[in-house]
Amino acid sequence: MTKTRTRSASLPSIVPTSRIPIQRGSLVDRAWWLGAGRAELPVLEDGLASCYPQARRIADLARGWLIYDVELTVVGYPGTHEVAVVLWERPSAREPLVYASRVDGFRHLYERSRLCLWYPKDPPERRWQLENSLVGLLDVVAVQLFKEHYFREKGEWLGGEDAEVHSQPKPDLVVRERSAQDARGRR
């Protein structure tokens, strides 16, 4: 994984900078990964380098954001999607925002390019949690992108969603089950 630290980051173009809160205060207050949230980084990045070696970490010190940028290929569909995971608070406190390129016509979006990966009122066990790591989150994103392409092609949505609010899905989150030995081997 490539690491970039910048004062005014060259952010992925799919991240709408005006729509994400900018953290205020001292550098350590803004950049959660330098302060109290430092212990969360190893959990967050567990297995990332081996499962998604092309992932790039961008630390935007001016805004207080930590961004992971990765290209995902969707099995069975041509091209790749640039995916940006934006953490503007500690991941144990707030779920990351996930943006993707090439999403025109997708069914489950909040705005422009931000993916809706689960129903907001779902219980914690149906949502991403820090212990699932970025690998688990990117796996969910890959499945969601596949479902969106399939829906565009066949007109059928694979997986659950709220009947009244079709733009906010309830996908079954498949988290990789890892033994202690597997977790040690992937770091």
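The values are calculated or read from the model by the stated rules, or taken from the named source; none is laboratory data. Nothing here was measured: the structure is a model prediction, and the numbers come from that model. Counting neighbours? That spans all protein chains shown, and the Cβs are built from the backbone with ideal geometry, glycine included.
A compact table of results
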| item | result |
| --- | --- |
| Residue match in region 138-148 (condition: of a type in the set (Phe, Trp, Tyr), more than 17 Å from residue 13 (Cα to Cα) and in a helix (DSSP H, G or I)) | yes |
| Region 87-102 residues that are farther than 14 Å from residue 128 by Cβ, paired with ones that are of a type in the set (S, T, N, Q) and part of a loop (DSSP other than H, G, I, E, B) (beta carbon under 7 Å, 6 or more apart) | 88/23; 99/113; 100/113; 101/113 |
| Subset tally (residues that are touching a strand residue (DSSP E or B) at 6+ places or on another chain (Cβ under 8 Å), hydroxyl-bearing (Ser, Thr, Tyr) and part of a loop (DSSP other than H, G, I, E, B)) for region 92-137 | 3 |
| Residue that is surrounded by the fewest Cβ atoms within 10 Å (Cβ to Cβ) [pool: residues in region 49-64 that are more than 18 Å from residue 83 (Cβ to Cβ) and among the small types (Gly, Ala, Ser)] | 62 |
| Subset of region 107-124 that is over 21 Å from residue 67 (Cβ atoms) and touching a residue at least 40 places away in the same chain (Cβ under 8 Å) - its residue that is surrounded by the fewest Cβ atoms within 10 Å (Cβ to Cβ) | 120 |
| Region 32-53, residues that are closer than 24 Å to residue 17 by Cβ and either among the charged types (D, E, K, R) or more than 15 Å from the chain's Cα centre (by Cα) (or both) | 32, 33, 34, 35, 37, 40, 45 |
| Filtered residue count, region 146-166, keeping only those that are at pLDDT 90 or above, out of contact with any Lys or Arg (no Cβ under 9 Å at 6 or more places or on another chain) and closer than 27 Å to residue 17 by Cα | 2 |
| Subset tally (residues that are over 17 Å from residue 131 (Cβ atoms) and touching a Leu at 6+ places or on another chain (Cβ under 9 Å)) for region 36-62 | 7 |
